[in-house]
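Right, one structure below, let's go through it.
The values are calculated or read from the model by the stated rules, or taken from the named source; none is laboratory data. All figures in this text were calculated on a predicted structure; none of them were measured in a lab. Ideal geometry is used to build each Cβ from the backbone, glycine not excepted, and the neighbour counts take in all protein chains shown.
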Amino acid sequence: MTTVRTRIAPSPTGDPHVGTAYVALFNLCFARQHGGQFILRIEDTDRQRSTSESERMILDSLRWLGLEWDEGPDVGGPHGPYRQSERGDLYAQYAQQLLEAGHAFKCYRSSDELDELREARKAEGLHAALKPADLALPQAEVERREAEGWPYVVRMKVPSEGVCVVEDMLRGSIDVDWTQVDAQILLKSDGMPTYHLANVIDDHLMRITHVLRGEEWINSAPKHQLLYEYFGWQMPVLCHLPLLRNPDKTKLSKRKNPTSINYYRRMGFLPQALTNYLGRMGWSMPDEREKFSLGEMMAHFDIQRVSLGGPVFDLEKLTWLNGVYIREDLDDQGLLLALREWAFNEDYVSQILPQVRPRIETLSDVAPLAGHFFSGMPPIDERSFESITLERGELLKLLQFLIWRLERVSFWDKDSLLPEVKRLSNYFELKMKVFLAPVFIAITGSTTSTSVMDAMVILGSDMTRARLRHAILVLGGISKKQAKGFEKEFRALE
Ligand code: GLU
């Protein structure tokens, strides 16, 4: 009997997302329940957006949650390397194999031509998917471009009609119309593979037997299935898990809910409570109890108990569960340890000392001054911003623009933050001090405290953005119409 092998394959392009932890948890439980293995693979073929900082945070947060993997970039294993960027020209070799077998073709179309083709298809009322026949060029033109050394991509051949049937462990047979599937790029013009090619090759070479992933990948399944056929490989069993949702049932997004595990960690959630809560996302214990450990989940896991009706990630529910853990599972010693692990430790406190030293006369001045480093949302309301003379719309815009700029800072330190703040204060035509005044209140909760820029660095990206978002809310929030205007203006600013 083959050993069950599952994997999580995150792309290190941002914050460690709760959705990644949720999918990792289900993969881990499925593997363990079958006595199998769970693998972590880093999908960093998008060289522009991937960062080692993001990878570090993903590994760190999954481990914090107690989700251990048997093979991965940090622990090694027999099927490595486990980072796609380190797998050399493996993907190009397989792409070559497809080219030789006639399952793929080199496409010399320029991006202008592709835009034109898409427009023309749209104008004719046709589906936007580009098929091999749409992309074909006369042979002489192909040869000319080849001889002139034009850049090209390798695309897969796909049927132009008919229905592709994909089997899913939870959903049964899923029909996808081939007309909707384009001649997917497999190898980019820089020779790097796309997700689709690299994912299929690696799942095969790493002997993955079951792919449990988010439902947003369903539309990719026909391409993957066809690639397995082209290579003559057996496809792993597929299972598309329901997406996590905001309480209003829309897809969980950082616009509405904090989605980064870093945020929950910084807020003082316990890892065992968060893992337990993620286990409740579309799944339940046979006896329906709400509180259970990772070990209990592994012991009772049954994928057929996953229900597909979009699980709601509800902050209030999670907070309640966290409280239950604190009250029921932590004695004084346990609570002390949790606090130490969280923020009352040398590493964190020593970052704060340089901030307070110049501003205190007695040691008892520290707590009032530095309290916000150990808090969640500061206790502010509209009146907290009385000293700010900016017009309300302008004030909201300033806070929102700052959030959007900060979302893109991938390495969070003062050297990266300062230019962002400077740039925005110029844009708003405000002196730095005036620009920072409302930010100061939003972050520290008062008008006098430690340096706001340093506080942002120490608090981290997630807590900083959460506090700015909180300030927008206490100021009455941003209307839909306002948001549209802001978005337009912000795009123009870039
Ligand atoms: N790299 C993909 C992601 O970021 C993996 C999707 C899959 O599991 O196939 O989610």
> Just to be sure, is residue 460 at positive phi and at pLDDT 95 or above?
Replying inline: no
> Taking interchain pairs and intrachain pairs at least six residues apart, which have beta carbon atoms under 8 angstrom, with the first residue in region 209-235 and over 17 Å from residue 186 (Cβ atoms) and more than 10 Å from the ligand (Cβ to nearest atom) and the second in a loop (DSSP other than H, G, I, E, B) and of a type in the set (A, V, I, L, M, F, W, C)?
Replying inline: 209/4; 210/4; 210/169; 215/243
>> When you check residue 256 against the structure, is it farther than 24 Å from residue 335 by Cβ and in contact with a Leu (Cβ under 6 Å, 6 or more places away or on another chain), yes or no?
In response: no
> Would region 317-328 turn up any residue that is acidic (Asp, Glu), at pLDDT 95 or above and more than 30 Å from residue 240 (Cβ to Cβ)?
Replying inline: yes
> Being part of a loop (DSSP other than H, G, I, E, B), crowded, with 21+ Cβ neighbours inside 10 Å and modelled with pLDDT under 95, is that true of even one residue in region 259-275?
Replying inline: yes
> Residues in region 260-292 that are touching a helix residue (DSSP H, G or I) at 6+ places or on another chain (Cβ under 7 Å) and under 24 Å from residue 58 (Cβ atoms): how many?
Replying inline: 21
>> Can you find a residue that is in a helix (DSSP H, G or I), closer than 19 Å to residue 236 by Cβ, within 16 Å of the ligand (Cβ to nearest atom) and touching a Pro at 6+ places or on another chain (Cβ under 6 Å) anywhere in region 74-91?
In response: yes
> Yes or no: residue 179 more than 10 Å from the ligand (Cβ to nearest atom), of a type in the set (Ser, Thr, Tyr) and within 25 Å of residue 253 (Cβ to Cβ)?
Replying inline: no
>> Can you tell me how many residues within region 313-324 are crowded, with 18+ Cβ neighbours inside 10 Å and either touching a residue at least 60 places away in the same chain (Cβ under 8 Å) or hydrophobic (A, V, I, L, M, F, W, C) (or both)?
In response: 3
>> Please go through region 418-449 and give me each residue that is more than 20 Å from residue 472 (Cα to Cα) and crowded, with 21+ Cβ neighbours inside 10 Å, ordered by number.
In response: 449
> Inside region 352-367, can you point out the residues that are closer than 11 Å to residue 450 by Cβ and outside any loop (DSSP other than H, G, I, E, B)?
Replying inline: 352, 353, 354, 355, 356, 357, 358, 359, 366
>> Whether any residue in region 18-38 is touching a residue at least 24 places away in the same chain (Cβ under 8 Å), crowded, with 22+ Cβ neighbours inside 10 Å, within 10 Å of the ligand (Cβ to nearest atom) and outside any helix (DSSP H, G or I) is what I want to check.
In response: no
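For every residue, the table says whether it meets (1) under 21 Å from residue 269 (Cα atoms); (2) more than 12 Å from the ligand (Cβ to nearest atom); (3) in contact with a His (Cβ under 8 Å, 6 or more places away or on another chain); (4) at pLDDT 95 or above.
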position	(1), (2), (3), (4)
7	no, no, no, yes
42	no, no, no, yes
51	no, yes, no, no
102	no, yes, no, yes
>> Out of 155, 171, I need the residue that is in contact (Cβ under 8 Å) with a residue 12 or more places away in the chain and either within 21 Å of residue 238 (Cβ to Cβ) or of a type in the set (Asp, Glu) (or both). Which one?
In response: 171
>> Checking residue 98 against (1) within 14 Å of the ligand (Cβ to nearest atom); (2) part of a helix (DSSP H, G or I); (3) touching a helix residue (DSSP H, G or I) at 6+ places or on another chain (Cβ under 7 Å), only one condition comes out false. Which one?
In response: (1)
>> Filter region 292-306 down to the residues that are within 23 Å of the chain's Cα centre (by Cα) and either more than 21 Å from residue 272 (Cα to Cα) or among the β-branched types (Val, Ile, Thr) (or both) and list them by number.
In response: 306
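Residues to consider are 111, 52; find the one that is in contact (Cβ under 8 Å) with a residue 12 or more places away in the chain, surrounded by fewer than 16 Cβ atoms within 10 Å (Cβ to Cβ), out of contact with any Gly (no Cβ under 9 Å at 6 or more places or on another chain) and under 25 Å from residue 188 (Cβ atoms).
Result of the check over 111, 52: 52.
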> Within region 189-208, which residues are among the small types (Gly, Ala, Ser) and either in contact with a Cys (Cβ under 7 Å, 6 or more places away or on another chain) or near the ligand (Cβ under 10 Å from one of its atoms) (or both)?
Replying inline: 198
>> Step by step: first the residues of region 152-167, then only those that are surrounded by fewer than 16 Cβ atoms within 10 Å (Cβ to Cβ) and closer than 24 Å to residue 241 by Cα, then the one that is farthest from the ligand (Cβ to nearest atom). Which residue is that?
In response: 163
>> Would you confirm, using the coordinates I've provided, whether residue 62 is closer than 23 Å to residue 239 by Cα, more than 14 Å from the ligand (Cβ to nearest atom), in contact with a helix residue (DSSP H, G or I) (Cβ under 8 Å, 6 or more places away or on another chain) and at pLDDT 95 or above?
In response: no
>> Being in contact with a Ser or Thr (Cβ under 7 Å, 6 or more places away or on another chain) and within 30 Å of residue 285 (Cα to Cα) is the filter here; which residues of region 40-66 pass it?
In response: 58, 65, 66
>> So, in region 385-405, how many residues would count as being touching a residue at least 60 places away in the same chain (Cβ under 8 Å), closer than 17 Å to residue 437 by Cα and in contact with a helix residue (DSSP H, G or I) (Cβ under 8 Å, 6 or more places away or on another chain)?
In response: 11
